[in-house]
1. For the chain, take the longest principal axis of its alpha carbons; what is the angle in degrees between that and the long axis of helix 164-193, to the nearest 10 within 0 to 90?
2. Under a 10 Å cutoff between Cα atoms, tell me which one of VAL16, VAL114, VAL77 has the largest fluctuation in the Gaussian network model of the chain.
3. Measure off, as a whole percent, the carbon and sulfur share of the 1.4 Å-probe accessible area of region 89-138, all protein chains present.
4. Can you tell me the orientation of helix 48-60 relative to the chain, as the angle in degrees between its alpha-carbon axis and the longest Cα principal axis, to the nearest 10?
5. What shape does the chain take by its C-alpha gyration tensor, where a ≥ b ≥ c are the square roots of the eigenvalues and a/c under 1.5 counts as rounded, a/b above b/c as prolate, and the rest as oblate?
6. Summing -39500 (n - 2.57) over the DSSP H runs of n ≥ 4 in the chain and dividing by its residue number, what mean residue ellipticity at 222 nm do you reach, to the nearest 500 deg cm²/dmol?
7. Using a probe radius of 1.4 Å on heavy atoms only, what accessible surface per residue do you get for the chain? Whole Å² is fine.
Amino acid sequence: MQEKSKLRLALELFWVFFRIGAFTFGGGYAMISLIKKETVENKKWIHDEDILDIVAIAESTPGPIAINSSTFIGYKVAGILGAFFATLGVVLPSFFIILVLSFFIRQFESLKVVKYAFTGIRAGILALLVKAFMSMGKACPKNVISYAIAAAAFAVAVFTDVNVLFIIIASALVGLVYSLISERVGKAREGEEK
């Protein structure tokens, strides 16, 4: 009985991530707001705070963020079967679209209507990225160190050629050191008050 419900949940994960993969242009970051809407708001499979953790982990591990996110969410919701079906669901639409487009793109890329369509798609992608940024910003801790880490990471990413992985590692280390220092200071103050 439990296997049937896991399979049913895994198939539901497949369908949700298939739709996300089929109707989101612009890659993983553009998908984040749709993933959040479907998994947190509509299905209530995970919590709002989980999205930030999942995105951080997905960004820190090798591979595309959408695939990593779908795998983590699928595993959290329905174990290995859920991870498999969620990943398959998010990958299949892109695979089929790229397969079909590969036969026709050379013939149509010079058409003005196609160029204009891609201009509109890029504008829509930018809006999705901004929305994902805003929703993730709301869930981030609100303190001076968090803002400083975000600003420094942004500046290094935009104005240097430093690999993003090193920026993530450095941000994690600064956050860890800050948390450890804050914890020690808090314990010292508690000791003084007693």
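The values are calculated or read from the model by the stated rules, or taken from the named source; none is laboratory data. Remember, predicted model here, so these are calculated numbers, not experimental data. Protein only, heavy atoms only, side chains kept; ligands, DNA and RNA dropped before computing areas. Shrake-Rupley method; radii C 1.70, N 1.55, O 1.52, S 1.80 Å.
1. 30
2. VAL114
3. Answer for region 89-138 is 78 percent, counting heavy atoms of protein chains only.
4. 80
5. It is oblate, given that a/c is not under 1.5 and a/b is not larger than b/c.
6. Computed ellipticity for the chain at 222 nm equals -29500 deg cm²/dmol.
7. 69
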